[in-house]
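Remarks on the structure that follows.
The values are calculated or read from the model by the stated rules, or taken from the named source; none is laboratory data. The structure displayed is predicted, hence computed values, not measured ones. Here Cβ is always computed from backbone atoms with ideal geometry, including for glycine, and neighbour counts include all displayed protein chains.
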Amino acid sequence: MRIAIIGAGISGIAAAQSLRKTGHDVQVFEKSKQIGGVWNLGYPQVRLQNTRDHYRLMDVPWSSRPDRHPTSAQIQKHLHEAIDKLDLTVNLGHEVTRLEETQAGWRLHYRDGETAGQQEFDFVIPSIGQYSDDKPLPEFPGQASFRGSVITEREIRDLSVFAGKKVLVVGFGKSALDMATFAVEQASEVNHIFRTPRWMIPFNILGIHYSRLLFCRLGTVLMPSWVQPNAFEGFIHRRLGFLVRGNWAVVKSIAKVQKYVMGLGRSDTVKRRLALLTPDHDLVGDFRSAAAMQPQMYTRYVAQERLIPRRGELASFTETGVVLEDGHAIDCDLVVLSLGSGSPVFPFMPEEYRCLLESEPDGVQLYRHMLHPRIPRMAFAGFNHGFMHVPAVEVGMLWLSAVLAGDLALPSAEEMEQSMANVLQWKRDHVNFEPSRSCAVNTRFQQYLDVLLQELGLNPYRKMPNVFAELFSQYGPDDYVGIYEEYRAARTEGGEPMRTLALDT
């Protein structure tokens, strides 16, 4: 098929490569003059929370060894090398303005600078990302009288913006934690306010890097999820739930103890401030797309009284600062509103399909996190966002190719919608709200990949027959190299199509 992909972030590039390998003619349209999506928009010193071993295209190893948690520049370099090596067609500066449904597929309208154009495609894949839209910049009472500056982290191009300032950071996601931490070395004073703290994932748990625990199968087996892809995992969660709860209670206790240790020998004020960072809610509910790693210097700065955290909500501005809902006033001359991103929007889509995709506050829930049964000849890439994001996109596009080739039969539209509703409800019951809650598999990446591979007739246990490695070694892109060849070898010409499993994901 002739396929258009909208967006040249890492999801769009991974999707293009995956579909090309299964024989499709693919073009990528990117409205920016640069590839990289959110990595093209990142603030200075932003780093991947994931590790280099888990965030790359299967067919493109890192050409030079990046940092363990790569910078945005290192990720963009990887993506440029991938496009060159794979000879992908990427149309930069081509903003898709409208998709028009045709009898054979889609007519894609775009604008290239001052020039408008259009092309015909059989199939379209939006890959617009969850974090690339403009950041919200709400107006507060009295803001016009404030003599300082109010910005978002997206506007910060140089950390010298903090130099000598009294800085106030608002929010508690990754970017807010980064902004508060980065500001300390430059600013004269840093306050950090937030309505609700979230569980921050420590980079090291008892001296072990978090990825060694989270990316091994044993760690993911104990992850509460909307789907258990095999009887063994189902048995653990149905019959041995105390093991699951106990595992996460231990992790929660370790996170609390680490803050307690940081406060040893410190003043009561410091201990109270550190205690403010511990949420009242359950740990597992914060395993979502917006889950933040704990910046290594953040709590240390709090302990050193160089960073002042405060639970509260910004109510209004004065000439010299802000007032919180509880009446507490904070003097400042630079306010960074780091309030996260909104739900994905699809301004180029026909109105009836926009209504299907944009009607929920927590984003669009898709069948297998890729398809909407009421939107023909279209799939989505990157809406299965998670801790093993790139393999999820690549395996997902192989799954899609099997559907397009007739090798994998889908359920009825009604059955797919019921499955979508089941996953949506589970997320609402067990995952704390975020505007992109429905657009992610987050820490349930292993369960998700296992289901897709089983439906393709492939072995999801990529390290077997070494049982020890299967349980305790980290999974990563290398474990899925060769799945295209395996899939081709397993296909039977003229055979009956496979059917999707009666599982929700």
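Listed values, structure above:
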item: Identity of the residue in region 266-295, assigned to a helix (DSSP H, G or I) and buried (at least 19 other Cβ atoms within 10 Å of the Cβ), that ends up farthest from the chain's Cα centre (by Cα); result: 273
item: Among (1) assigned by TED's automatic domain parsing to the domain that holds residue 297; (2) over 22 Å from the mean Cα position of the chain (by Cα); (3) closer than 28 Å to residue 46 by Cα; (4) of a type outside the set (Phe, Trp, Tyr), the one test that residue 173 misses; result: (2)
item: Yes/no for residue 133 being out of contact with any strand residue (DSSP E or B) (no Cβ under 6 Å at 6 or more places or on another chain), assigned to a helix (DSSP H, G or I), modelled with pLDDT under 90 and not aromatic (Phe, Trp, Tyr); result: no
item: Residues of region 212-240 classified as out of contact with any Lys or Arg (no Cβ under 9 Å at 6 or more places or on another chain) and in a loop (DSSP other than H, G, I, E, B), total; result: 5
item: Answer residue from region 324-370, given it is assigned by TED's automatic domain parsing to the domain that holds residue 420 and free of Cβ contacts under 8 Å to residues at least 12 places away in the same chain and is surrounded by the most Cβ atoms within 10 Å (Cβ to Cβ) among those; result: 354
item: Test result for residue 323, in contact with a helix residue (DSSP H, G or I) (Cβ under 6 Å, 6 or more places away or on another chain) and either small (Gly, Ala, Ser) or outside any loop (DSSP other than H, G, I, E, B) (or both); result: no
item: Checking residue 380 against (1) surrounded by fewer than 24 Cβ atoms within 10 Å (Cβ to Cβ); (2) part of a loop (DSSP other than H, G, I, E, B), the condition it does not meet; result: (1)
item: Every residue from region 103-130 that is under 23 Å from residue 389 (Cα atoms), assigned to a loop (DSSP other than H, G, I, E, B) and at pLDDT 95 or above; result: 127
item: Filter pass, residue 137 being buried (at least 16 other Cβ atoms within 10 Å of the Cβ), farther than 30 Å from residue 370 by Cα and under 28 Å from the mean Cα position of the chain (by Cα); result: no
item: Scan of region 296-320 for residues that are β-branched (Val, Ile, Thr) and either part of a loop (DSSP other than H, G, I, E, B) or at pLDDT below 90 (or both), ordered by number; result: 318, 320
item: Residue in region 117-130 that is out of contact with any Phe, Trp or Tyr (no Cβ under 9 Å at 6 or more places or on another chain), over 26 Å from residue 483 (Cβ atoms) and touching a residue at least 12 places away in the same chain (Cβ under 8 Å) present; result: no
item: Leading residue by the ranking (farthest from residue 159 (Cα to Cα)) among those in region 173-206 that are outside any helix (DSSP H, G or I) and hydroxyl-bearing (Ser, Thr, Tyr); result: 196
item: Selected residue (only one of 343, 401, 338, 316 is under 17 Å from residue 123 (Cα atoms) and hydroxyl-bearing (Ser, Thr, Tyr)); result: 401
item: Leading residue by the ranking (farthest from residue 193 (Cα to Cα)) among those in region 238-281 that are basic (Lys, Arg) and touching a residue at least 40 places away in the same chain (Cβ under 8 Å); result: 252
item: Residue check for residue 213: touching a Gly at 6+ places or on another chain (Cβ under 9 Å) and not assigned by TED's automatic domain parsing to the domain that holds residue 106; result: yes
item: Evaluation of residue 61 against (1) under 26 Å from residue 21 (Cα atoms); (2) in contact (Cβ under 8 Å) with a residue 12 or more places away in the chain (one fails), failing number; result: (2)
item: Selection status of residue 391, over 14 Å from the mean Cα position of the chain (by Cα) and outside the structural domain of residue 219 (by TED's automatic domain parsing); result: no
item: Strands (runs of 3 or more DSSP E) fully within region 1-92 counting 2 or more residues that are more than 18 Å from the chain's Cα centre (by Cα) and surrounded by fewer than 20 Cβ atoms within 10 Å (Cβ to Cβ); result: 25-30, 90-92
item: Neighbours by Cβ (under 8 Å, 6+ apart or cross-chain): first from region 178-202, basic (Lys, Arg); second in a helix (DSSP H, G or I); result: 198/286
item: Any hit, region 442-462, residues being under 18 Å from the mean Cα position of the chain (by Cα), in a strand (DSSP E or B) and crowded, with 18+ Cβ neighbours inside 10 Å; result: yes
item: Filtered residue count, region 394-441, keeping only those that are among the polar types (S, T, N, Q), in a loop (DSSP other than H, G, I, E, B) and surrounded by fewer than 20 Cβ atoms within 10 Å (Cβ to Cβ); result: 1
item: Output for region 93-114, where each listed residue is under 23 Å from residue 23 (Cα atoms) and among the hydrophobic types (A, V, I, L, M, F, W, C); result: 104, 106, 108
item: Tally, over region 300-316, of residues that are surrounded by 14 or more Cβ atoms within 10 Å (Cβ to Cβ) and either more than 19 Å from residue 187 (Cβ to Cβ) or outside the structural domain of residue 189 (by TED's automatic domain parsing) (or both); result: 4
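Matching residues to (1) polar (S, T, N, Q); (2) over 22 Å from residue 423 (Cβ atoms); (3) in contact with an Asp or Glu (Cβ under 6 Å, 6 or more places away or on another chain):
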position	(1), (2), (3)
169	no, yes, no
174	no, yes, no
186	yes, yes, no
192	no, yes, no
218	no, yes, no
233	no, no, no
